[in-house]
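Values in this text are rule-based calculations from the coordinates and carry no lab data. Everything numeric here is computed off the predicted structure, so don't read it as measured data. Every residue, glycine among them, receives a Cβ derived from its backbone with ideal geometry; neighbour counts consider all protein chains shown.
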Amino acid sequence: MAAHSAVLSMSKIINPFWGGRLGNTVKVFGTTLTSHRNKTLLTGENIPPPAKYGGRHTVTLIPGDGIGPELLNHVREVFRFSCVPVDFEVVNVNSALETDDDMNNAITAIRRNGIALKGNIETKHTMAPSVKSRNNLLRTSLDLYANVMHCQSLPGVQTRHKNIDIMIIRENTEGEYSSLEHESVSGVVESLKIITRNNSLRIADYAFKLAREKGRRRVTAVHKANIMKLGDGLFLQCCREVASGYPDITFDSMIVDNTTMQLVSKPHQFDVMVMPNLYGNVVSNVCAGLVGGPGLVPGANYGNAYAVFETATRNTGKSIAGKNIANPTAMLLASCMMLDHLKLYDHATMIRHAVLKTMNETRLHTADIGGQGTTSEVVQTIMRIIQSGGQLTTEL
Amino acid sequence: TSPVQHETFPLRGTVTLIPGDGIGPEISSAVMKIFEAAKAPIRWEERNVTAIKGPGGRWMIPPDAKESMDRSKIGLKGPLKTPIAAGHPSMNLLLRKTFDLYANVRPCVSIEGYKTPYTDVNLVTIRENTEGEYSGIEHVIVDGVVQSIKLITEDASRRIAEYAFEYARNNQRTSVTAVHKANIMRMSDGLFLRKCREVAENYKDIKFTEMYLDTVCLNMVQDPTQFDVLVMPNLYGDILSDLCAGLIGGLGVTPSGNIGANGVAIFESVHGTAPDIAGLDMANPTALLLSAVMMLRHMGLHDYGNKIQTACFDTIRDKKVLTKDLGGNSKCSEFTAEICRRIQDMA
């Protein structure tokens with residue numbers, strides 16, 4: 001392993017802008033990492049990822065509720081098997097408690113480690129309205145302003161539409177999710193949707209940068225500015241301003257209800273989409289459904305200093321918890337995105353390749369995509385493919 | 001001028017027809033021809049709606065249109081032009097405010113013969129149409145920070161929930177699903193949900209479920225057959241009803257009805273005015289025709305409604321006479337004539 005990493009370091013010095021074998025992803029996720037780490041990146045030297053103790057990284061792990069714990073256990077199993085130099089700091093959050101102490105511990109842990117992998121934390125809306133969504137609290141406290149989701153059709157999965165490839169960038173901290181509500185008069189509730197210039201500019205900038213790095217041709221802003229003239233009007237205006245700085249990328253806009261109609265009839269017209277929070281929720285779920293369901297798509301939340309990875313549609317999956325039928329693909333692909341972020345490209349490629357090979361070539365599918373396999377069978381197959389790939393692994 | 005005599009009960013069989021703009025007039029006359037062929041007991045009263053400034057400077061619809069609608073209680077409307085920077089709000093908004101059209105009902109049924117990737121869609125979206133995110137209350141708090149207010153009231157939520165359950169009962173539907181985002185918007189969608197739950201108590205024969213908006217979207221594009229009647233606040237309704245229209249083939253084949261207080265109901269086609277094909281006999285009257293069928297059912301004239309709908313679907317399934325947007329190259333008049341012929345053959 002030592003010789004291997006020496007070769008890798010050498011190749012990095014020789015090809016400073018190539019990074020790992022997944023060249024593109026370096027530039028994308030590297031920019032969000034740079035701030036206080038790897039300052040030498042700017043001078044052109046590429047040093048190995050900043051790992052603190054004995055070359056191993058520490059990542060915060062939040063199991064969450066429903067299928068979260070079992071899927072994350074599988075992730076740990078695969079990581080252990082593949083000798084990934086990542087240690088997980090597990091922080092449990094009990095969604096039944098009224099206080100936010102658990103959540104604050106989790107947030108502190110993420111601030112310490114910089115990266116997290118999480119399952120969804122259930123929001124019991126039978127509790128008092130003052131108990132806010134924990135997931136939302138995490139996103140706003142850490143200012144994870146960009147939610148990125150890449151929807152790609154997988155050849156092995158049967159869907160009505162083929163060859164979909166859409167990137168969705170969703171503003172993650174404000175909009176309708178500001179959690180500012182009050183009952184002005186008995187029986188009348190007001191909920192505030194906040195749109196700010198700063199956040200809109202920031203997310204539009206992120207979208208265009210990402211589009212350029214990935215070589216995408218078009219960015220579409222999704223809005224409802226004909227009705228919410230000031231709010232979404234501001235968002236649209238900010239997108240247009242940023243678009244003028246990227247003349248190589250086409251910019252257009254579409255109203256959200258028309259967007260959903262187009263997505264179910266002609267999804268191939270979309271390339272990169274950027275939108276405020278709630279529309280992002282709708283559009284990302286529609287797209288996830290189009291490519292095969294919630295078990296297939298990974299999602300990432302990026303801020304300037306932190307990154308949190310999870311499944312794209314953030315489902316708790318209470319009804320299938322503990323039954324060994326959940327699809328581990330989304331969570332495993334999310335963990336690969338995390339490894340890319342940590343610059344552990346070899347491991348990321350290896351695991352991703354095994355996951356996709358299982359999905360596309362072996363026909364071993366879980367129930368959500370029409371198969372009869374169990375979660376553990378799928379994970380075992382993935383590990384077998386990793387082992388046959390020739391890397392040093394622990395005993396199966 | 002002599003005072004207008006008002007009937008004390010709605011004249012059965014009178015409908016206020018608002019042809020609209022663009023292709024509106026031609027599709028309206030197509031519908032009238034088909035109704036004539038079916039010998040439906042409907043008397044049409046054509047009215048035009050343009051915004052006029054009433055006393056006090058408020059924008060309103062012409063008084064003769066309002067009077068006709070108040071009398072007949074039933075309206076059929078073609079597409080209306082939305083003027084940009086005309087100084088007055090859109091006509092649809094004016095109509096909504098004038099008659100307190102609180103429920104927008106859109107039944108989405110797959111049309112055999114018009115192929116989409118989704119078959120067997122059979123659901124109804126019922127959308128609250130007066131408040132929610134479309135209250136139009138927005139402020140600039142400081143430069144660069146805008147706040148939009150979403151309003152949810154107990155009364156409106158209860159009213160729409162009651163309508164949804166009544167509709168389900170009257171149309172032999174088995175379940176009603178409330179769509180919400182109460183995990184994020186705890187108080188507002190929480191209130192909506194509570195009202196739905198309360199109303200559900202009085203309709204034990206109908207199954208009531210709740211589902212998050214994102215879960216509905218996710219499941220809708222994978223398996224739309226699991227949904228029956230969906231009831232939701234304004235914004236979610238807007239998005240979902242258009243999503244469902246996309247599943248069955250778009251706005252050119254989707255009917256829509258707006259139910260108001262005081263028994264008023266206005267049925268409409270929700271597509272645009274299509275100015276590029278206006279007057280060229282190329283328009284597709286299906287959306288307006290299916291809305292008219294919805295109207296007949298609302299009035300209790302189910303037989304006529306079924307006859308006309310069958311004739312329309314048979315024509316589309318046969319694929320011999322189709323307008324351009326449905327994949328053929330027949331004229332609007334030919335399509336209309338074919339449907340009339342089928343109706344007459346059925347008699």
Subject >> Across A:K118/A:K193; A:K318/B:K204; A:K343/B:K181; A:K323/B:K181; A:K214/A:K266, pairs whose alpha-carbon gap is larger than 32 Å >> reply: A:K343/B:K181
Original post:
For region B:163-318, what's the relative contact order in percent, using C-alpha pairs closer than 8 Å and at least 6 residues apart?
Top reply: 18
Subject >> Point-to-point label distance, B:L280-A:H268, nm (Cα→Cβ direction, 7 Å offset) >> reply: 2.6
Subject >> Which of B:R158, A:R218 has the fewest Cβ neighbours within 10 Å, and the rest in rising order >> reply: A:R218, B:R158
Subject >> Estimated FRET transfer efficiency when R0 is 22 angstrom, pair B:I149-A:S186 (beta carbons, to 0.05) >> reply: 0.80
Subject >> the protein assembly as shown: proportion of alpha-carbon pairs further apart than 42 angstrom, % >> reply: 33
Subject >> Relative packing of peptides A:184-190, B:323-329 - highest average C-beta neighbours within 10 Å first >> reply: B:323-329, A:184-190
Original post:
Which order do A:L154, A:L180, A:L333 fall in if you start with the one that has the fewest other Cβ atoms within 10 Å?
Top reply: A:L180, A:L154, A:L333
Original post:
Straight-line reach from B:K207: which aspartates and glutamates have a Cα under 12 Å away, not including same-chain ones fewer than 8 places off?
Top reply: B:D228
**OP:** List the relative contact order of region A:160-291 as a percent without decimals, with contacts defined as Cα pairs under 8 Å and 6+ residues apart.
**Re:** 38
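Taking only C-alpha pairs under 8 Å that are 6+ residues apart, what is the relative contact order of region B:37-98 in percent? Walk me through the numbers on the way to the answer.
Working: 40 pairs, mean separation 18.2, N = 62.
Contact order relative to length: 29 percent.
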Original post:
In nm, what is the difference between 0.36 nm times the number of residues separating A:T126 and A:E98 and their Cα-Cα distance?
Top reply: 8.9 nm
Original post:
In nm², what is the average projected area of the convex hull enclosing the Cα atoms of chain B?
Top reply: 20.2
Original post:
Can you pull the mean other chain C-beta count within 10 Å for peptide A:225-233?
Top reply: 5
**OP:** Report, in whole Å, the centroid distance computed from the Cα atoms of region B:308-347 and region A:210-251.
**Re:** 43
Original post:
To the nearest 0.05, what FRET efficiency results for A:D248 and B:T82 with a Förster distance of 30 Å applied to their C-beta separation?
Top reply: 0.30
Original post:
By a straight-distance test (C-alpha under 16 Å), which lysines pair with B:K97 as possible cross-link partners, with residues fewer than eight away in the same chain excluded?
Top reply: B:K53, B:K66, B:K73, B:K77
Subject >> Cysteines without a disulfide-compatible neighbour (Cβ-Cβ under 4.7 Å), chain B >> reply: B:C196, B:C217, B:C312, B:C332, B:C340
Original post:
What are the aspartates and glutamates whose alpha-carbon lies under 14 Å from the alpha-carbon of B:K331, with same-chain residues fewer than 8 places away excluded?
Top reply: B:E26, B:D281
Original post:
What order do you get for A:156-163, A:205-212 when each peptide is scored by the mean count of other beta carbon atoms within 10 Å, highest first?
Top reply: A:205-212, A:156-163
**OP:** Give me a single rounded figure for A:124-130: the average over its residues of other chain Cβ atoms within 10 Å of their Cβ.
**Re:** 4
Original post:
Can you put A:E171, A:E77 in order, fewest other beta carbons within 10 Å first?
Top reply: A:E77, A:E171
**OP:** Place the peptides A:301-307, B:300-306, B:184-190 in order of packing, highest mean first, counting for every residue the other Cβ atoms within 10 Å and averaging per peptide.
**Re:** B:184-190, A:301-307, B:300-306
Subject >> Simple spin-label estimate for B:K320 and A:S376 in nanometres, 7 Å along Cα-Cβ >> reply: 6.3
Subject >> Separation in nanometres of the label points that stand 7 Å from Cα toward Cβ, at B:K53 and A:Q152 >> reply: 6.0
Original post:
If you count the DSSP beta bridges with both ends in chain B, what percent of them are antiparallel, to the nearest 5?
Top reply: 50
**OP:** Mind running the shape call on region A:306-346? Use the C-alpha gyration tensor, a ≥ b ≥ c as the square roots of the eigenvalues: rounded below 1.5 for a/c, prolate if a/b tops b/c, oblate otherwise.
**Re:** prolate
Original post:
Just the Cα atoms of region B:91-173: what Rg and Dmax do they give in Å?
Top reply: 17.6, 55
Subject >> Within 10 Å of each Cβ in B:220-229, the average number of Cβ atoms from other chains >> reply: 3
